[in-house]
Amino acid sequence: MATKLRRSYRFSLRSAFYITLFLILSAGILLYLTDLIDAYWMALPVLAVLVFSIAFLVVQIRAERFIYRRIEQIYEDVSLLESTSLTSGPITTDLRTLNEEIENFARAKKIEIDTLRIREEYRKEFLGNVSHELKTPLFTVQGYIHTLLDGALDDKKVRRKYLNRAAKGVERLIYIIKDLDLITKLEVGDLHLEWETFDIVELIQSVFDLLEMKAARKEISLVFDMEYTTPIYVRADKEKIQQVLTNLVVNSIKYGYPKGTTEVSVENLIKNKVIIRVTDNGEGIAEQHLTRLFERFYRVDKSGSRKEGGSGLGLAIVKHIIEAHNEKIYVESDVDVGSEFSFTLEKAKGSPGPD
């Protein structure tokens, strides 16, 4: 703008030139017809400058005011949308600059609207999922309690059986609420990590021991990919990483085929990182579901079946715990072949890697 003549000036100069040319020619023809042409030629330079200056000033002032008022109105209308990108600077009457600003503003608003639309769809889906997860155990508990109140309370055997089933429904509600509370803390960054150095191989083995009976019911073997003869020390929150491993191994058992295998490996990734892989040969996951696996309550099976139990928050919690450690989690899967979930951890200083 500093090195180029303003467009409004160029417009006014051209307009003034055309007005001057028209008036001079008109006056010349008129004076020629009245035999005053000689005096006209003597006054022509002064007349041309005077007419040009007056025309330029009138056109420029009028154009500036006309354009400025309308552009100012555009800025005021845009300011109603609380934009900081368009209304924070001085008002410009240069149409190219204004056009660029409007385009940038429109692009930013489109992105914002698209984001809000996605969030709204996600919110609706999330509320629907929460409602579905909570109403099943609630209705179960309600049904057993009403049955007892309607007369089954007098039968000792029925009473005990129904109370046990109602208690299981309450436990499931508590389980879901605890997971919701945990994931809320993870998402708002309100979870405190207790950093410590520990042997990841030993922790994996303890998870195997904890889930041994659950795996045995489906005759699934929990194994390492190799024999780890030396400890592999990592730095993380041991309790939270145990929860990650537990959730991943439990999932592999739930969706693994009977007499299958869940294998865990620890591998060097880069100098100060290891990657832990949890691999199964179960039913696998279709590719279209992989990008949404870590969403809250997202289920691959849309039939509404909850035969495998769980809160539907396990993988979402896993993702948030790993990201709270500033690490990454990955998933690969093929239908009827199996799945592999892997995540990285920081090695403790001086710790040897896997052999």
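The values are calculated or read from the model by the stated rules, or taken from the named source; none is laboratory data. These numbers come from a predicted model, not from an experiment. As a convention, Cβ positions derive from the backbone with ideal geometry for all residues, glycine included, and neighbour counts pool all protein chains shown.
Taken over the range 187-218, the criterion of being touching a Phe, Trp or Tyr at 6+ places or on another chain (Cβ under 7 Å) and of a type in the set (Val, Ile, Thr) is satisfied by THR197, VAL201. In the range 213-221, is there at least one residue being closer than 21 Å to ILE322 by Cα and buried (at least 17 other Cβ atoms within 10 Å of the Cβ)? Scanning the range 213-221, I find no residue that is closer than 21 Å to ILE322 by Cα and buried (at least 17 other Cβ atoms within 10 Å of the Cβ), so the answer is no. Of the candidates LEU211, LEU186, LEU182, the single residue that is in contact (Cβ under 8 Å) with a residue 24 or more places away in the chain and in contact with a His (Cβ under 6 Å, 6 or more places away or on another chain) is LEU186. Count of the range 98-146 residues, restricted to those that are surrounded by 14 or more Cβ atoms within 10 Å (Cβ to Cβ), among the polar types (S, T, N, Q) and modelled with pLDDT of 70 or more, is 2. Checked against the criteria, VAL337 does not count as at pLDDT 85 or above and crowded, with 18+ Cβ neighbours inside 10 Å. In the range 230-270, what residues are crowded, with 21+ Cβ neighbours inside 10 Å, in a strand (DSSP E or B) and among the polar types (S, T, N, Q)? THR262 - this is the single residue of the range 230-270 that is crowded, with 21+ Cβ neighbours inside 10 Å, in a strand (DSSP E or B) and among the polar types (S, T, N, Q). Going by the structure shown, is PHE208 part of a helix (DSSP H, G or I), in the same structural domain as ARG277 (by TED's automatic domain parsing) and out of contact with any Cys (no Cβ under 8 Å at 6 or more places or on another chain)? Here the answer is yes, as PHE208 does meet what is asked. Find the residue count for the range 254-276, including only residues that are under 13 Å from LYS214 (Cα atoms) and touching a helix residue (DSSP H, G or I) at 6+ places or on another chain (Cβ under 6 Å). Total meeting the criteria: 1. Quick one: GLU227 ticks every box in (1) in a helix (DSSP H, G or I); (2) free of Cβ contacts under 8 Å to residues at least 60 places away in the same chain; (3) out of contact with any helix residue (DSSP H, G or I) (no Cβ under 9 Å at 6 or more places or on another chain); (4) not hydroxyl-bearing (Ser, Thr, Tyr) except a single one, so which number is it? Among (1) in a helix (DSSP H, G or I); (2) free of Cβ contacts under 8 Å to residues at least 60 places away in the same chain; (3) out of contact with any helix residue (DSSP H, G or I) (no Cβ under 9 Å at 6 or more places or on another chain); (4) not hydroxyl-bearing (Ser, Thr, Tyr), GLU227 violates only (1).
One residue stands out in the range 15-26 among those that are more than 15 Å from SER53 (Cβ to Cβ) and modelled with pLDDT of 70 or more: the one that is nearest to the chain's Cα centre (by Cα), namely PHE22.
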